[in-house]
Structure formats: structure tokens, C-alpha cells
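Written below as C-alpha cells is the structure these notes are about.
The values are calculated or read from the model by the stated rules, or taken from the named source; none is laboratory data. Predicted model, so just to flag it, every value in this text is computed and none were measured. Virtual Cβ from ideal backbone geometry, glycine too; neighbours counted across all protein chains shown. Surface accessibility is based on the protein's heavy atoms, side chains included, excluding ligands, DNA and RNA. Shrake-Rupley method; radii C 1.70, N 1.55, O 1.52, S 1.80 Å.
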Amino acid sequence: MNSLDLWLARSVLVIQYAAALAALAIPLSLSLRVNKFLNFHLASTYIAGGYLAYVGSKLSTDVALAFSFSVLAASIVGGSLSVLLLMLNENIGIETAPADAHLVFSLFLFLAVQALAVAVFGPRTLLAATAEQAGAETLGVARWAVVSFVILGLGCLKLLRNTLFGLRWVAAADNPSLAADQGIPVTRLRRQTAMAAGAATAFAGCLQAWDTGVQPYSNLFLNAVFGLLAGGAFSPLGAAAGCLILATVRQTSFGLNVYRGEEVLIALCLICILVVRPRGLFPTKSRTGDLISE
Amino acid sequence: MWRCMTEIFALSLALLLTSCSQKTEGPAVGIMEPETGQNSVYGSPAANGALLALEQAKSEGVTFSILGPEDIAAGGELARQAYSRLMRYNPVAIVGPGISNDMLLVGPLAQRDGVVMIGTTCENVKISEIGDYVFRVYPSYLGIANDLAEFAVRDRGSRRIAIIAERSNFGRDFTHIFQQRAQAIGGRVSKIIEHAPEENDFRGQIIELLASNPDSVLMSSQVAQMQAILRQIREAGYTGLILAPSSFYDQESVSAVGTPALGMIVAAYAFDISSQDPKVVSFRDSYRARFGAEAPQWAAYGWDAALPIIEAIRSGARTSLEIRDYISRKPQFSGLTGNFHFDQNGDVALPGRIYEVTANLDFRVIR
């Protein structure tokens, strides 16, 4: 490979991996902004999306049909699951004990998804190999679908800032009690965000499974959280930028071949960023003035 | 008083019944293999092969009990637990495990407890050092790694070899042996990249590997990972020589990959499960009749691991010590993989061969 080919190949891989991370980090950021807690449920909806891709690949030998079914099913199941868990959290007083209740539910959901998958498919499918089942060469489109999905999502978020829904969402996120006083349905907005985030992660998990297979114990979710922190936890655009930086660091680490280079370099990079900019590289602007006039 | 005596009697009866239910007929022989999880590709057939050998021996009148097969799944702590479950019944010998890391974990326990343990498909060089109760019917990967290095450098004239290896004992050791041999005969390892054992997306590592412009690429990972690497490296446009260790010498594994496997070179020991040797044909038929599937080559190693134990019991050995002495001293066993005997380290020696994957996705001997 000449140096131009190499550079291009590296860039493509960095963009694809960054998109895979951002597909997790952006919903996490949305959820954090509105619900004020890091929604670890999304790790489970991501994995659930992967397993639904596997179900799709088993249901039909027609790749297009199986692919369409699984992405649709993943979005519906992921969104519903996320709202259901948010409602359960609300009912047990998430406002007063967010960390404990949330972690218990997250762990429960993660184990339930794994147990269900083992019960249905048997232990061999823990390494879901959907792409391998369907023939990898037909599914190169899946990784580009992740990239398109992230770019589209970011575009939608940018557009939302100029719509009434977007302004209400920002108001509910920044000061829920003030927003409620002004007649904004904060609870409904929170649930809508949870639904969108759950659907997005399950969709991403499904696409990832169609590409290389989902590995429940890989570093993907951890790296997505790191990307979120590096970019700016409350800003979806910042989270995407953070993921791009970490994807670049990861690719560089392969060339160095240091022992556990990927983990070490990503952690060092995150520490350096947080030392210099504790709120991340691209934090949201602080909002102390009139929310509506913004 | 009467109540107390009744309770003691009931307790004694319960204990007696429990011990009766665990009573075994003659010496007990256990089987432990990964029958589920990603290593089941070796473990499940090896366990079946061993079970078939033991069941046939029993039907021929050899008196012993069969324990298991115990599934050690992902290995590690599960292997230790499976070993403990077998040890409740005081086995004189255990067939398996076939995964090197598991053998390195439970082999020392068998040595401590004085139980004969015969590994099926484990190939780590360190297994030879465990002790005199531990044997294996699959040779260590020392010969395979040397054969691959010699083939790449001498036969194909490779001068820049890149290696992608699993971050594990196997990955490291195999890479080290290959590198030493390749460099000793004029080859050069241009790049080594490790990956995590649970990884399935290697595109990032592959690009860095190809940046060193290799004329050969060696994979030293588990089969599931090597299958993914093979697909992804061909997808990245690499058309050069690809080398794989003996774990890839399996028709099913190659068929699952398809066209990216064409031309791949695999070094393995000279045993062919599709051979027309009457013993192998009879084994294939029995296996098909008993398990309803074609016998993979790993099943033959399960059979061969059970064989020395059966012969020892048939000759009158009843304790672990007697079985160990019989196995160590017998000059030759006539197994499915050929005639073999164990050296002072409990290892066997089988001749190695180099295979190429043909257009029909089967293996052709080229060296």
C-alpha cells in the first residue's frame, strides 16, 4: 500500500469507529442533558439491537428483508425498553436515589438481555456473528449506515435548536422547574428523549451487528463514555467530536503495538483533556439568562 | 431419647443412600472439555470421541465407570469447578481438557492429586513441564511454528512477515517461536500486532499490519478470531500469503469463511480424518451413528486420549499410579492419528505437514 492509500484507509477506519462510538455517545449525552443521569440502560439496548439483528438473520435468508426487519424491530424495542425503564425509575423515586436505582436497573436489564439471548440461542451466540451468518461481503453497507446515521442525527439536533420543540427541550433540560412553570411538559419531554436515545442505540447495535457482530464485553461502550467525557458530556456535538479524537488515538495505538496500547493511550488522552479542560473540549455554554429568549 | 435415635438413624440412612447413588463401578474415568462457548469447536468433538472410545470399551467388557463429560465452557474458573465436580467421585484418570490455558490450570491440580490426565488438543509448550501424571496426545506447537517459518522463508522466499497475534499465552509463545525460527533462516518479522482475545473487529490492526508491506501474514489466534481476520484482511485488499496454525486445520472452519480462505497455508500434524484407513472409517461410522454428525478431526484426538487409559485398565491397572506407569512404559499405542508413545514429558511426536486451502475449500498437502 502506498502512503496515500494508507492514509485514506486509516481515515476511513477512524471515521467508521468514531461513528460507532458516537452512535452510543450522542444518545448518552442527550439522556444526561435532560434526565441528569448517565443512562447505562443504553448499553443494554445497544446489545439488544445486536441480538435483534441476529434474530433477523435467522428469520430470513433474504439479506435485505432480514436487515430491514432487524433495524425496525431494534428501533421499536430499544425505544420502548428505554421509556419503560425510565418510567420504572420515576416510580421508585429516581429524583431522590438516581445512582442506586439506575445502576440496579441497568445491571438487571443487561443481565436479562444476556440471559434471554442465551436461553433463546444458546451460549454459543454470546459472540453474535450476524455478518458472518449472512455473508460479510454483502454487508459492507452497514458500517457506512452507522456513519450516515450519526451525521443525520447531528444534523437533526442542530435543526432542532431552531424549532419550538428544540427550544422547549433545551428549556426542560436546563431548568426543569422553570420550564414546567411555563407550561412545558417536562416529563413527556424526558420520556421522548429516553425513547429517542433507546431507539438510536438499539439501531446502532443492530447496524454494528450486521457489520462485524456485537461483542458484549468489548471496550466499545467504555470508549463511548470516554468520548462523551472528552468532548463535553452535555453536548451531543461535543460528544461526537470527542469520539472522533479517541478513534484517532486508538488507530495510532495499533501502529505502536505497546502492551494494551489502545486502553492506555485512550485513558492517557482522556486524562490530559480533562486536566486542561475539566468540562470537556466542547462544553455547552452556561445558561443563566432567559431560556425562551435564547 | 427415641426421637434422637430416630433422627440419627434417618440421617445415617440418608447418607448411605447418597453414597450409594454416587457409587461407581470399577475405576472411574472422567471427561472434561469445553462443549459450549467458542472453544466448543475443539472441545465438543474431542469429548464425543473420548466418550465413544470409553463406551465401546465398556461394551466389550472392560469394567470402569464414565464420569461426565463435564462442560468447562469458557474455561478458567469453570475448568477448576468442573475438575472439582469430577474429583468428588475419585476418578483414576481424566480425559481432557483440550484447551491449553485450561490444562495449565487444572493439570497441576491433577498432578497434586495424583490423577492421570490426558489432554486432547492442547498444544502449549509449558504443559510438558507440569509433571508425570499429565500427558497429551496432541503435540506442542513448537514443531508447527517451526514448520510454518521454514515454509514461508525457505519454500516461498518470504522476507517481510507480519504477525497478528492474540494477547494470550498461546499467541505470544507461538509468535515468539515462529519469529526465532524465521529470523534464524534469513526471514524478517516486519510487524507484530496483538489483539484482545474477545475482539472481533480487526480492521484497525490490519491496516497498520499492511503498512509494513508484508509478503506473508501469520495469524496466531483462536479460530473464531482468525476467521474474522481472514475476511477482513482480504477485504482490505491483501492478496499475499496467509499462514495459520493447526487449529485452522478443520473443514468446517474453512467452509465458514469461504473464498477469503483460498490459498491459505495451514501447518498441522499428519492426520487426515477423511482417510480410508479401516480404523478411521470405522470410527467415522460409529461417530455418525452415535452422535448423528460427521466426525471432525478433533474427535480422533479425544478417542486417542481415552485409548491409553482403556488399555491400562484392560491390562489390570486399577489405580492412578498403575495407569500412569502403564502409559509411561508402553512402547506404542495404535491410535487413530497413528502409532504413538509418550516421552518422558508426557508428550507425543507426530510428523507435521503443510496444507494449502484449494478452490474447493479443502486441504491439499504441499509439504
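Selection over the stretch B:258-269 of residues that are assigned to a loop (DSSP other than H, G, I, E, B) and within 15 Å of the chain's Cα centre (by Cα) gives a count of 0.
Residue pairs whose Cβ atoms lie under 6 Å apart, separated by 6 or more positions or on different chains, with the first residue in the stretch A:235-251 and in contact (Cβ under 8 Å) with a residue 12 or more places away in the chain and the second open to solvent by less than 20 Å² (accessible area, probe 1.4 Å) and hydroxyl-bearing (Ser, Thr, Tyr), are A:Pro236/A:Ser29; A:Ala239/A:Ser29. The selection criterion, being away from every other protein chain (no Cβ under 14 Å) and of a type outside the set (Val, Ile, Thr), holds for B:Gly131. B:Ile206 falls short of the stated requirement of being within 12 Å of chain A (Cβ to nearest Cβ), open to solvent by less than 10 Å² (accessible area, probe 1.4 Å) and free of Cβ contacts under 8 Å to residues at least 40 places away in the same chain. Just so you know, in the stretch A:220-255 the residues that are within 21 Å of B:Ile207 (Cα to Cα) and β-branched (Val, Ile, Thr) include one that is least open to solvent (accessible area, probe 1.4 Å), and it is A:Val249. The residues on offer are B:Glu294, B:Glu356, B:Glu322, and the sole one that is part of a loop (DSSP other than H, G, I, E, B) and either out of contact with any strand residue (DSSP E or B) (no Cβ under 7 Å at 6 or more places or on another chain) or in contact (Cβ under 8 Å) with a residue 40 or more places away in the chain (or both) is B:Glu294. Restricted to the stretch B:110-151, and to residues there that are surrounded by fewer than 18 Cβ atoms within 10 Å (Cβ to Cβ) and out of contact with any helix residue (DSSP H, G or I) (no Cβ under 8 Å at 6 or more places or on another chain), the residue that is farthest from B:Gly171 (Cα to Cα) is B:Arg112.
Residue-wise test of (1) open to solvent by 20 Å² or more (accessible area, probe 1.4 Å); (2) at pLDDT below 85; (3) within 14 Å of chain B (Cβ to nearest Cβ); (4) part of a helix (DSSP H, G or I).
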site: A:Met1; (1), (2), (3), (4): yes, yes, yes, no
site: A:Asp5; (1), (2), (3), (4): yes, yes, yes, yes
site: A:Ser11; (1), (2), (3), (4): yes, no, yes, yes
site: A:Ile26; (1), (2), (3), (4): no, no, no, yes
site: A:Arg33; (1), (2), (3), (4): no, yes, no, yes
site: A:Leu38; (1), (2), (3), (4): yes, yes, no, no
site: A:Val55; (1), (2), (3), (4): yes, yes, no, yes
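Residues of the stretch A:166-179 include at least one that is in contact with a Lys or Arg (Cβ under 6 Å, 6 or more places away or on another chain) and at pLDDT 65 or above.
Contact annotation: residue pairs with Cβ atoms under 6 Å, 6 or more positions apart or on different chains, pairing a residue in the stretch B:107-124 that is assigned to a strand (DSSP E or B) with a partner that is open to solvent by 20 Å² or more (accessible area, probe 1.4 Å), are B:Val116/B:Tyr133; B:Val116/B:Arg324. Do the conditions hold for B:Tyr141, that is, is it closer than 24 Å to B:Glu198 by Cβ and aromatic (Phe, Trp, Tyr)? Yes; evaluated as a whole, the condition is true for this residue.
For A:Leu229, the conditions (1) within 14 Å of the chain's Cα centre (by Cα); (2) aliphatic (A, V, I, L, M); (3) within 19 Å of A:Ile151 (Cα to Cα) are fulfilled apart from (3).
For the stretch B:44-103, the tally of residues that are of a type in the set (A, V, I, L, M, F, W, C), surrounded by fewer than 24 Cβ atoms within 10 Å (Cβ to Cβ) and not in a helix (DSSP H, G or I) stands at 6. If only residues of the stretch B:157-186 that are away from chain A (no Cβ under 14 Å) and basic (Lys, Arg) are counted, the one that is farthest from B:Asp102 (Cα to Cα) is B:Arg159. Put simply, of B:Ala261, B:Ala224, B:Ala256, B:Ala236 the only residue that is within 13 Å of chain A (Cβ to nearest Cβ) and surrounded by fewer than 17 Cβ atoms within 10 Å (Cβ to Cβ) is B:Ala236. Does B:Ile242 qualify as being without any contact (Cβ under 8 Å) to a residue 40 or more places away in the chain and either more than 9 Å from chain A (Cβ to nearest Cβ) or closer than 12 Å to B:Ala162 by Cα (or both)? It is true that B:Ile242 is without any contact (Cβ under 8 Å) to a residue 40 or more places away in the chain and either more than 9 Å from chain A (Cβ to nearest Cβ) or closer than 12 Å to B:Ala162 by Cα (or both). It is to be established whether one or more residues within the stretch B:187-196 are touching a residue at least 24 places away in the same chain (Cβ under 8 Å) and more than 14 Å from chain A (Cβ to nearest Cβ). Yes, the conditions are met somewhere in the stretch B:187-196.
B:Ile309 meets the conditions (1) in a helix (DSSP H, G or I); (2) open to solvent by 30 Å² or more (accessible area, probe 1.4 Å); (3) under 21 Å from B:Ser65 (Cβ atoms) in every case but one. The failed one is (2). Residues in the stretch B:209-221 that are touching a Gly at 6+ places or on another chain (Cβ under 6 Å) and surrounded by fewer than 24 Cβ atoms within 10 Å (Cβ to Cβ): B:Asp215 only. The set of residues in the stretch A:265-294 that are modelled with pLDDT of 85 or more, among the β-branched types (Val, Ile, Thr) and surrounded by 13 or more Cβ atoms within 10 Å (Cβ to Cβ) comprises A:Ile266, A:Ile273. Would the stretch B:192-203 turn up any residue that is of a type in the set (Gly, Ala, Ser) and outside any helix (DSSP H, G or I)? Yes, because at least one residue in the stretch B:192-203 is of a type in the set (Gly, Ala, Ser) and outside any helix (DSSP H, G or I). Look at the stretch B:68-90: where a residue is away from every other protein chain (no Cβ under 14 Å) and a partner is open to solvent by 40 Å² or more (accessible area, probe 1.4 Å) and part of a loop (DSSP other than H, G, I, E, B), sitting 6+ places away or on another chain with Cβ atoms under 6 Å, you get B:Tyr89/B:Thr24.
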